[in-house]
Amino acid sequence: MKCVLQVLFIFFLSTVATAQKSILGIVKSSDNGHPVTGASVFLNNTSIGAVTNYKGEFNLIIPTGRYELVISSIGYLTQVKTISSQESTDHFIIQLQPEVKELQAVVVEPFEKDGWAKWGQLFLDNFIGISSMAKECRIKNKETIRFRYSKTNQIVTAHTTEPLIIENDYLGYKLQYLLEEFSYNFKTKMIFYVGYPLFQPMKGNNAKMK
């Protein structure tokens, strides 16, 4: 009986080992090949993420399945790769493309000077929601959100200079939300937004955690 239990335990450990896989990689700048330090690397819609070290290196553990690997850093365009625990995921080399600064002459509508005061509630109502659960969500760095309004198209857009930090007390998570695009069309009443969330469990007492 003891021998059987030992065999089953070894089988269990081998199953766990094959159920997840380690991703080793390095993030570099595409223009000069230099490592990108402090880049955020995470699996979209999970709580699995890492930050690159001074060499641009990162290490993640992937559970079984397919995921979107999101790589972002201030000053660079966000890159998204579909990966699988079944594929070879060792020694990734990811090259981030520097973000081209907008030319002032090309910008038709400048950012609103008091954007949050004017459009903040509209953003919250459509991005976070208006339910009782939504009222327990807070954006901690709303000052990073900038707004533009096109009078011609009657569309308001929101842009961020860094990931949004959102505390969701109702579900007990802090979200790092990488907002790529947000727009609200007053003509059609349609909202559109694209982004990538990383979830982090919030701390609390035993009852709160349960």
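Rounded to the nearest Hz, the phi-derived 3J(HN,Hα) couplings of the range 134-148 under the Karplus curve 6.51 cos²θ - 1.76 cosθ + 1.60 (θ = phi - 60°) are 5, 5, 9, 10, 9, 8, 7, 10, 4, 5, 7, 8, 10, 10, 10, where x marks glycine and proline. Ellipticity at 222 nm from helices only: DSSP H runs of n ≥ 4 in the chain, each -39500 (n - 2.57), divided by the residue count, give -5000 deg cm²/dmol. For Ile145, no residue has an amide H sitting under 5 Å from its own, ignoring neighbours fewer than 5 places away on the same chain, with H placed 1.01 Å from N. Here the spin labels are modelled as points 7 Å beyond Cα on the Cα-Cβ line, and at Thr152 and Ile74 they lie 3.2 nm apart.
In this structure, Met209 and Ile93 have a Cβ-Cβ separation that, at R0 = 30 Å, corresponds to a calculated FRET efficiency of about 0.15.
With 27 Å as the cut-off, how large is the P(r) tail for the chain, expressed as percent of Cα-Cα pairs? It works out to 47 percent of all Cα pairs. Placing unit charges on the Cβ atoms of the charged side chains and taking the dipole of the range 100-210 about its Cα centre, the candidate lying farthest along the positive direction among Phe111, Asn205, Asn153 is Asn205. If the chain linking Leu171 and Lys135 were pulled fully straight, counting 0.36 nm for each residue of separation and taking away their Cα-Cα distance, it would gain 11.8 nm. Here the chain is assigned +1 on the Cβ of each Lys and Arg and -1 on the Cβ of each Asp and Glu. Its dipole about the Cα centre then comes out at about 540 debye.
With all protein chains kept in place, the per residue accessible area of the chain amounts to 64 square angstrom at a probe of 1.4 angstrom. Take the Cα of Thr82, step 7 Å toward its Cβ, do the same at Lys142, and the gap between the two points is 3.7 nm. Heavy-atom surface analysis with a 1.4 Å probe gives the chain a carbon and sulfur content of 56 percent of its accessible area. Computed from label points 7 Å out along Cα-Cβ, the spacing between Lys55 and Thr37 is 1.4 nm.
The distance from the alpha carbon centre of the range 20-40 to that of the range 137-157 is 31 Å, rounded to a whole number.
The values are calculated or read from the model by the stated rules, or taken from the named source; none is laboratory data. Every value quoted in this text rests on a predicted model; they were computed, and no experiment measured them. Because the Cβ atoms are built from the backbone with ideal geometry, glycine has one as well, and the counts that use them run over all protein chains shown. In case anyone asks, the SASA skips ligands and DNA or RNA and just uses the protein heavy atoms, side chains included. Shrake-Rupley method; radii C 1.70, N 1.55, O 1.52, S 1.80 Å.
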